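*Asks:* After the structure tokens below, expect a handful of questions from me.
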Amino acid sequence: MRHTLPHAPQFYVTAPQPCPYLHGRAERKLFTALHGDNATELNNALSRQGFRRSQNVLYRPSCESCVACMSARIRVADFRPSRTQRRLTRQNSGLRRLATSAWATEEQFDLFRSYLDSRHADGGMADMDIFEFAAMIEETPVKTRIIEYRCDDQDSSRLVEGDEHLAAVCLTDVLDDGLSLVYSFYDPDLQAASLGTYIILDHIEIARAANLPYIYLGYWVPGSRKMDYKARFSALEIYKGGVWQNIGDPDDHTNEAHPLSVDPIIEQVARISLPPSDR
């Protein structure tokens with residue numbers, strides 16, 4: 001189904017599919033194409049309203065039975081690492097960060113396949129080949145970077161044997177108000193290093209150095225074990241009811257899975273704030 005605002009992008013809704021986060025529920029997404037001269041402004045504006053980017057598409061959950069998926073972001077200036085997070089940063093001090101343009105490599109794909117086969121063998125990306133992987137990385141009309149994490153040759157023994165081992169990768173969008181972690185993956189043999197959490201901690205430092213106020217983490221879902229780790233970061237906000245607010249006690253948001261909390265699609269689209277168009 002298509003929904004259009006005057007002089008604005010066209011919005012569409014996907015057909016319902018099984019929800020990957022809450023058992024027995026169906027997910028549906030509201031999405032629009034991301035292209036043209038206004039792509040950067042549109043990505044910035046919709047990211048602040050709970051949308052995420054996937055290649056040339058911006059999407060936001062728009063399910064018929066609940067509104068449990070809420071966009072999450074960290075306020076960089078207010079973030080204070082926990083004792084566990086400080087220990088994790090020290091533990092991974094042997095990693096070297098390398099920021100590059102959004103260009104896929106076979107080495108990245110091999111790591112991606114190992115990650116999926118170990119952690120998400122039955123997920124929606126399980127059958128991705130190298131061409132689809134390259135599209136995920138390279139098809140972006142906005143400012144995007146690949147952040148690689150490699151073992152430092154002076155301290156690689158703490159993680160794996162050998163120098164220049166690719167340990168983790170994050171596809172990161174640079175927004176006007178922060179960094180958006182589009183997708184990350186890491187060596188499953190290094191699970192004890194908690195590299196998923198470390199990538200977020202390191203991005204907080206990248207944003208701090210660049211004077212960017214937010215780290216966008218994607219969606220947090222109350223009641224989903226896959227998403228519990230996001231609530232462990234201090235200064236976490238969620239996009240709920242059309243506004244960003246402190247997460248507070250995560251248990252206070254369990255009622256968002258109630259079907260009567262969902263607004264009609266036409267009302268959701270009407271409330272979207274769009275950047276000025278050059279046309």
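*Asks:* Given the stretch 1-89, what strands (runs of 3 or more DSSP E) lie entirely inside it while holding 2 or more residues that are within 26 Å of A207 (Cβ to Cβ)?
*Replies:* Ranges flagged: 52-54, 57-61, 70-75.
*Asks:* Pull up the stretch 106-120, narrow it to residues that are crowded, with 16+ Cβ neighbours inside 10 Å and out of contact with any strand residue (DSSP E or B) (no Cβ under 8 Å at 6 or more places or on another chain), then point me to the one that is nearest to E138 (Cα to Cα).
*Replies:* The extreme case among them is F109.
*Asks:* Can you spot a residue in the stretch 166-174 that is acidic (D, E), touching a strand residue (DSSP E or B) at 6+ places or on another chain (Cβ under 6 Å), closer than 25 Å to E27 by Cβ and not assigned by TED's automatic domain parsing to the domain that holds G24?
*Replies:* So far as the stretch 166-174 goes, yes, one or more of its residues are acidic (D, E), touching a strand residue (DSSP E or B) at 6+ places or on another chain (Cβ under 6 Å), closer than 25 Å to E27 by Cβ and not assigned by TED's automatic domain parsing to the domain that holds G24.
*Asks:* Mind checking whether some residue in the stretch 104-111 is under 27 Å from G36 (Cα atoms), of a type in the set (S, T, N, Q) and not in a strand (DSSP E or B)?
*Replies:* Checked the stretch 104-111: at least one residue is under 27 Å from G36 (Cα atoms), of a type in the set (S, T, N, Q) and not in a strand (DSSP E or B).
*Asks:* Right, another one. Look at the stretch 1-51 and say how many of its residues are charged (D, E, K, R), at pLDDT below 95 and surrounded by fewer than 19 Cβ atoms within 10 Å (Cβ to Cβ). Walk me through how you get there before you give the answer.
*Replies:* Just the residues of the stretch 1-51 that are charged (D, E, K, R), to begin with: 2, 25, 27-29, 37, 41, 48.
Among the residues that remain, those that are also at pLDDT below 95 are: 2, 25, 27-29, 37.
Checking which are surrounded by fewer than 19 Cβ atoms within 10 Å (Cβ to Cβ) leaves us with 2, 25, 28, 37.
Qualifying residue count, the stretch 1-51: 4.
*Asks:* Now for a separate question. D117 versus (1) at pLDDT 95 or above; (2) farther than 29 Å from P250 by Cβ: which is the lone unmet condition?
*Replies:* Of the numbered conditions (1) at pLDDT 95 or above; (2) farther than 29 Å from P250 by Cβ, the odd one out for D117 is (1).
*Asks:* Still on this structure, please answer the following. So in the stretch 52-65, with the set limited to residues that are buried (at least 18 other Cβ atoms within 10 Å of the Cβ) and among the charged types (D, E, K, R), which one is nearest to P222 (Cα to Cα)?
*Replies:* R60
*Asks:* Oh, and also: Give the stretch 217-235 a look and list any residue that's in contact (Cβ under 8 Å) with a residue 24 or more places away in the chain and more than 14 Å from the chain's Cα centre (by Cα), or say none.
*Replies:* P222, G223, S224, R232, F233, S234, A235
*Asks:* Name the pairs: first residue in the stretch 252-279 and within 16 Å of A45 (Cβ to Cβ), second residue among the basic types (K, R) and at pLDDT 70 or above, Cβ to Cβ under 6 Å, at least 6 apart or on different chains?
*Replies:* Qualifying pairs under 6 Å: none.
*Asks:* Tell me yes or no: at least one residue of the stretch 55-67 is without any contact (Cβ under 8 Å) to a residue 24 or more places away in the chain and under 30 Å from E267 (Cβ atoms).
*Replies:* Checked the stretch 55-67: no residue is without any contact (Cβ under 8 Å) to a residue 24 or more places away in the chain and under 30 Å from E267 (Cβ atoms).
*Asks:* Could you tell me how many of the residues in the stretch 49-66 are under 15 Å from V13 (Cα atoms) and either among the hydrophobic types (A, V, I, L, M, F, W, C) or in the same structural domain as A102 (by TED's automatic domain parsing) (or both)?
*Replies:* 4
*Asks:* Among the listed residues I238, I272, I266, which satisfies the condition of being among the hydrophobic types (A, V, I, L, M, F, W, C), farther than 18 Å from E27 by Cα and modelled with pLDDT under 95?
*Replies:* I272
*Asks:* Do we find that A126 is surrounded by fewer than 18 Cβ atoms within 10 Å (Cβ to Cβ) and modelled with pLDDT under 95 in this structure?
*Replies:* It is true that A126 is surrounded by fewer than 18 Cβ atoms within 10 Å (Cβ to Cβ) and modelled with pLDDT under 95.
The values are calculated or read from the model by the stated rules, or taken from the named source; none is laboratory data. Source: prediction; values computed, not measured. Note: ideal-geometry Cβ built from the backbone for every residue, glycine included; neighbour counts use all protein chains shown.
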